[in-house]
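A short write-up of the structure that comes next.
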Amino acid sequence: MHMTRPGPIGKPTACLVLADGSIFYGRGFGATGTTVAELCFNTAMTGYQEIMTDPSYAGQIVTFTFPHVGNVGVNDEDDETAEPVAAGMVVKWDPTEPSNWRAAGDLPDWLARRGRIAIGGIDTRRLTRLIRLQGVPHVALQHNPDGEFDVEDLLQKARSFKGLVGADLAREVTCAQSYRWNEMRWSWPEGHRPREGEGRRVVAIDYGAKRNILRCLASSGCDVTVLPATATAEDVLAHEPEGLFLSNGPGDPAATGEYAVPMIRSILDKSAMPVFGICLGHQMLALALGARTVKMNHGHHGANHPVKDLETGKVEITSMNHGFTVDSQTLPQGVMETHVSLFDGSNCGIRMRDRPVFSVQYHPEASPGPQDSTYLFERFVAAM
């Protein structure tokens with residue numbers, strides 16, 4: 001068992017316990033209490049608010065490898081969904097006072113109001129190495145201003161966490177009912193404007209959709225109707241869409257696939273419409289076409305991941321957030337691999353050879369991150 005303690009700034013007020021017995025003491029901020037989750041790390045230098053509100057982080061605590069977290073504050077425009085979904089956050093330095101013209105509040109207050117626990121003063125480089133070497137650990141994180149911790153109890157909580165394999169988390173973060181979306185991407189100086197006029201009719205399946213994906217569809221000229229994750233093929237076709245979009249989301253693709261895969265297969269059988277998937281949507285499409293998914297050692301979480309387009313030879317710098325991947329060795333005849341990660345060669349994109357049905361593992365809408373891949377939304381609209 002090994003421990004790291006905070007520097008000379010008094011008694012620790014938060015404790016992070018890993019299932020292997022490792023203990024990290026630090027300074028708590030945000031909400032008080034205890035949370036149990038899987039621990040991943042994210043290498044993005046910006047966008048902590050978008051990351052914390054990304055539904056794909058359900059069941060996960062995020063370690064931020066970039067030390068300056070909190071310095072731009074928070075604001076309502078940067079939420080990717082109504083409430084934070086990530087279970088908690090781990091940072092190296094305590095958040096500083098916000099210094100940004102868009103800040104409407106500070107990070108610790110925002111986390112406290114929304115019931116999310118955070119710990120600062122942690123050796124995040126060491127924690128990141130541990131995750132890379134051993135794979136994503138199950139952890140318990142406690143914030144107690146009194147500084148009293150029952151480490152044995154926290155260790156038991158971490159060890160009894162079921163993990164994300166076999167977990168259908170899309171059901172927990174999807175919308176309760178269908179709705180229309182017309183807000184476009186943020187632009188200076190007016191912010192988010194509504195899309196006007198006729199557009200291509202697109203049904204978006206919400207497995208945990210980020211708002212910026214829906215904004216990118218609207219900005220590309222789509223009239224978007226969002227349906228819950230459990231929507232049937234009949235539900236989709238009732239809207240007479242010209243295209244089907246499959247969103248990002250959390251959890252084990254195989255578990256969500258139990259109800260998502262039959263729907264996608266039915267759409268592919270009954271209709272020739274274009275289909276576009278991102279992240280979990282990419283994995284759902286791959287499963288529907290006959291491939292398999294596997295859990296990764298520590299996943300890909302960051303805004304600087306190089307991906308090669310095998311058809312053009314071009315390299316895109318992309319935003320990623322996934323802990324499972326499509327096993328490219330299991331892709332069937334008629335389905336080709338289109339993109340691969342230059343970090344580890346894992347699959348990052350597929351398409352059907354004879355139909356406008358394609359998907360990518362990474363996040364072309366970025367938010368946060370580079371915008372090298374927004375052409376994919378235009379490709380989807382062009383196919384319609």
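The values are calculated or read from the model by the stated rules, or taken from the named source; none is laboratory data. Remember, predicted model here, so these are calculated numbers, not experimental data. Note that each Cβ is placed from the backbone with ideal geometry, even for glycine, and that neighbours are counted across all protein chains shown. Accessible surface is based on the protein model in full, side chains and every heavy atom, while ligands, DNA and RNA are left aside. Shrake-Rupley method; radii C 1.70, N 1.55, O 1.52, S 1.80 Å.
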**Asked** Between the DSSP loop rule and a limit of at most 12 other Cβ atoms within 10 Å, which chymotrypsin sites (Phe, Trp or Tyr not before Pro) in the range 58-122 are left?
**Response** Trp101
**Asked** Once you charge only the Cβ atoms, +1 for Lys and Arg and -1 for Asp and Glu, what is the size of the charge dipole of the chain about its Cα centre, to the nearest 20 debye?
**Response** 700 debye
**Message:** Accessible area of the chain with a 1.4 Å probe: how many percent of it is carbon plus sulfur?
**Reply:** 48 percent
**Message:** I need the GluC sites (Glu not before Pro) found in the range 93-172, filtered to DSSP loop residues with at most 11 other beta carbons within 10 Å of theirs.
**Reply:** Glu148
**Complete:** D (µm²/s, integer) via Stokes-Einstein for the chain, Kirkwood Rh across alpha-carbon pairs, 25 °C, 0.890 mPa s: value 116 µm²/s
**Request:** Tell me the trypsin sites (Lys or Arg not before Pro) within the range 228-329 that lie in a loop according to DSSP and have at most 16 other beta-carbon atoms within 10 Å.
**Result:** Lys314
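Give the peptides 250-257, 377-384 in descending order of average Cβ contacts within 10 Å, highest first. Can you show the working numbers first?
Details: 250-257: 23.2, 377-384: 17.6.
Averaged packing, sorted descending, gives the order 250-257, 377-384.
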**Fill in**
Number of Lys pairs in the chain closer than 23 Å at Cα, excluding neighbours under 8 places apart unless interchain, is 5
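For the chain, what proportion of DSSP beta bridges, expressed in % and rounded to the nearest 5, is antiparallel?
On the way: 50 of 81 bridges.
Antiparallel bridges: around 60 percent, rounded to the nearest 5.
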**Message:** To check my understanding: the extent here is largest minus smallest coordinate of the Cα atoms along each principal axis. What are those three numbers for the range 231-369, in Å, largest first?
**Reply:** 40, 31, 30
